[in-house]
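Worksheet: one structure, shown below.
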Ligand SMILES: Cc1cc2nc3c(=O)[nH]c(=O)nc-3n(C[C@H](O)[C@H](O)[C@H](O)COP(=O)(O)OP(=O)(O)OC[C@H]3O[C@@H](n4cnc5c(N)ncnc54)[C@H](O)[C@@H]3O)c2cc1C
Ligand SMILES: Nc1ncnc2c1ncn2[C@@H]1O[C@H](COP(=O)(O)O)[C@@H](O)[C@H]1O
């Protein structure tokens with residue numbers, strides 16, 4: 001039987017550009033360049049490798065985001081995913097992680113899945129909790145933060161490099177996994193891949209397709225509220241010296257002055 | 001007074017510093033009740049009590065070690081139901097965030113992750129977060145249910161505040177999902193004898209400029225002269241010069257020490273994301289245009305192979 005893989009990818013503001021907040025204190029996604037979160041490229045890559053090992057597998061990439069989020073789907077399709085699902089709805093503006101996990105859970109169920117693959121964290125919000133929430137909502141095992149992952153005989157196995165220990169994990173499918181940037185470089189889309197992606201199906205869904213009420217998501221449905229956002233004052237310019245043979249000593253003097261020595 | 005649950009991060013009863021910081025913050029909101037899972041509750045209770053825990057709820061079961069995350073969520077939920085707290089605080093480790101998120105969803109409370117400060121407010125606790133690679137600081141609060149908040153290390157100073165720290169057994173029944181993800185084997189990380197990276201008051205990091213694993217002892221010697229931890233940029237980690245557990249930045253550890261020294265690190269946005277909130281920042285880089293110099297309190301433009309050993313020697317000489 002075919003292995004159904006769903007990869008959750010997020011469209012995020014470019015981290016190397018200027019990121020800021022909109023007036024309603026949500027992340028400004030209009031005035032900035034966006035892209036497929038680099039950390040989700042690792043998820044797409046691992047899905048492709050798992051699919052290669054399986055006899056028969058189908059990879060669906062899934063995103064919840066504005067119109068432009070299609071760019072992220074296209075990129076994932078050009079890397080080799082088979083089809084895409086885009087959940088887009090005006091009422092989604094300002095949704096927090098609880099709402100996003102609800103939408104993703106419903107969408108994953110809508111697609112049908114044996115394995116959900118996520119990135120370790122989004123590069124904008126960066127909470128790194130969505131995979132755990134998705135597993136909780138779907139009622140399936142969470143096998144998260146893997147630096148190595150494999151699927152065999154209806155089981156997913158992987159290595160989690162934690163703070164205190166490295167753990168070898170195992171769970172039965174269906175399951176939700178997330179992979180880290182240690183899992184292996186993501187491939188670049190080939191020219192052929194880019195051309196092929198243009199013909200791959202992208203299904204668009206809105207909240208009503210998923211049976212979600214508007215008040216369960218969006219700014220008003222959020223369980224948290226940002227009251228203020230202030231740009232950090234730029235660090236005041238420090239002292240910079242050129243090393244002319246005494247740089248180490250000068251630095252020691254500075255550290256002593258600050259009571260570190 | 002309202003009670004605040006504090007999830008204890010410990011190794012066999014040795015409580016890690018971020019938990020004591022959480023107790024300081026918890027006391028701003030209410031009375032801390034600690035939740036200690038696994039072995040060593042009696043030992044932990046002494047320290048937790050000294051820092052303000054009125055009660056220490058504890059449970060020990062093989063499931064906590066044998067299965068990933070979910071058994072701990074079940075236990076924390078049991079504590080939540082027993083106490084009915086005003087807020088739940090969890091240390092912001094990778095696992096801590098996952099536990100907090102699943103608990104928040106189960107109890108219908110809003111979730112705030114990676115807070116760097118916490119105050120009592122008219123409408124519940126107000127959390128400060130540092131976002132977009134620490135270029136913004138936000139204040140947020142939970143508007144639905146009981147706030148579940150994870151707090152980063154070094155967000156407050158642990159304060160002595162003697163309280164009873166009475167140990168009470170917590171009854172936990174594991175749900176069907178608890179045994180979903182089996183921990184087949186576990187290899188504990190070897191201790192380097194240096195302070196924990198995220199907890200250290202001083203961090204010395206090396207980057208691509210260190211130019212090889214064989215040169216990292218230079219960085220280690222400087223760290224040791226200051227009693228600090230060793231960090232590395234992703235470039236140094238990807239090159240295999242230093243373990244990934246020491247990586248500082250967006251996909252590594254986020255640190256906020258009193259002093260951060262970057263040697264041979266350019267200061268890319270993803271690196272900044274993990275160190276920009278350090279109190280004092282020092283850099284050694286031979287390129288005066290390196291972006292890291294925009295952040296520094298003191299910078300030396302020079303060759304780290306000259307500057308670092310001289311600095312280490314000078315510190316040792318001064319310390320006698
Ligand atoms: C999604 C994503 C996540 C990332 N996460 C992280 C992360 O968590 N942490 C992280 O660090 N990076 C991360 N990066 C990578 C980041 O973008 C940079 O590539 C990386 O930080 C560069 O490391 P570096 O400063 O050591 O190397 P370089 O940028 O190559 O800088 C080396 C510096 O050393 C100096 N130098 C060379 N020789 C000497 C010498 N003898 N003496 C003094 N100075 C010398 C050079 O002038 C240069 O400034 C991430 C990137 C992406 C896309
Ligand atoms: N809007 C979204 N659409 C699709 N996937 C998402 C979205 N937000 C988060 N994810 C997935 O969840 C992971 C962790 O996200 P986060 O918890 O926001 O850091 C990401 O790496 C993605 O795989």
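The values are calculated or read from the model by the stated rules, or taken from the named source; none is laboratory data. Because the structure is predicted, anything quoted here is derived from the model rather than measured. FYI the Cβ positions are ideal-geometry reconstructions off the backbone, even for glycines, and counts take in every protein chain you see.
Closer than 30 Å to residue A:138 by Cβ, without any contact (Cβ under 8 Å) to a residue 60 or more places away in the chain and touching a helix residue (DSSP H, G or I) at 6+ places or on another chain (Cβ under 9 Å): does that describe residue B:175?
no
Which condition does residue B:288 not pass, out of (1) more than 16 Å from ligand 2 (Cβ to nearest atom); (2) part of a loop (DSSP other than H, G, I, E, B); (3) buried (at least 21 other Cβ atoms within 10 Å of the Cβ), if it passes all the others?
(3)
Being surrounded by 24 or more Cβ atoms within 10 Å (Cβ to Cβ) and within 16 Å of ligand 2 (Cβ to nearest atom) narrows it down to one of A:138, A:104, A:169, A:205, so name that one. Give the steps one after another, and end with the answer.
Numbers: A:138 fails: surrounded by 24 or more Cβ atoms within 10 Å (Cβ to Cβ); A:169 fails: within 16 Å of ligand 2 (Cβ to nearest atom); A:205 fails: surrounded by 24 or more Cβ atoms within 10 Å (Cβ to Cβ).
It is A:104.
Wholly within region B:193-276, which strands (runs of 3 or more DSSP E) include no fewer than the required count, namely at least 2 residues that are free of Cβ contacts under 8 Å to residues at least 24 places away in the same chain?
Per the criteria, no element qualifies.
Going by the conditions given, is residue B:168 more than 10 Å from every other protein chain (Cβ to nearest Cβ), surrounded by fewer than 21 Cβ atoms within 10 Å (Cβ to Cβ) and in contact with a helix residue (DSSP H, G or I) (Cβ under 6 Å, 6 or more places away or on another chain)?
When the stated conditions are applied, residue B:168 does not pass them.
Would you say residue A:90 is farther than 18 Å from residue B:181 by Cα, surrounded by fewer than 20 Cβ atoms within 10 Å (Cβ to Cβ) and either away from ligand 1 (no atom under 16 Å from the Cβ) or more than 8 Å from chain B (Cβ to nearest Cβ) (or both)?
Values: farther than 18 Å from residue B:181 by Cα: yes; surrounded by fewer than 20 Cβ atoms within 10 Å (Cβ to Cβ): yes; either away from ligand 1 (no atom under 16 Å from the Cβ) or more than 8 Å from chain B (Cβ to nearest Cβ) (or both): yes.
Yes: the conditions hold for residue A:90.
Going through region A:15-42 one residue at a time, which ones are within 16 Å of ligand 1 (Cβ to nearest atom), at the interface with chain B (Cβ under 10 Å from one of its Cβ atoms) and surrounded by 15 or more Cβ atoms within 10 Å (Cβ to Cβ)?
Correct list: A:15, A:19, A:38, A:39, A:42.
Give the number of residues within region A:205-252 that are at the interface with chain B (Cβ under 8 Å from one of its Cβ atoms) and in a helix (DSSP H, G or I).
The qualifying residues number 6.
Between A:122, A:147, which is within 15 Å of ligand 1 (Cβ to nearest atom) and in a loop (DSSP other than H, G, I, E, B)?
Among A:122, A:147, only A:122 is within 15 Å of ligand 1 (Cβ to nearest atom) and in a loop (DSSP other than H, G, I, E, B).
In region B:74-92, is there at least one residue being at the interface with chain A (Cβ under 9 Å from one of its Cβ atoms) and surrounded by 23 or more Cβ atoms within 10 Å (Cβ to Cβ)?
no
Checking the structure you have, find out if any residue of region B:258-266 is closer than 18 Å to residue A:244 by Cα and modelled with pLDDT of 95 or more.
yes
Please state which one of B:287, B:313, B:238 is facing another protein chain (nearest Cβ under 8 Å) and more than 22 Å from the chain's Cα centre (by Cα). Reasoning before the result, please.
Details: B:287 fails: facing another protein chain (nearest Cβ under 8 Å); B:238 fails: facing another protein chain (nearest Cβ under 8 Å).
Going through B:287, B:313, B:238 in turn, just one is facing another protein chain (nearest Cβ under 8 Å) and more than 22 Å from the chain's Cα centre (by Cα): B:313.
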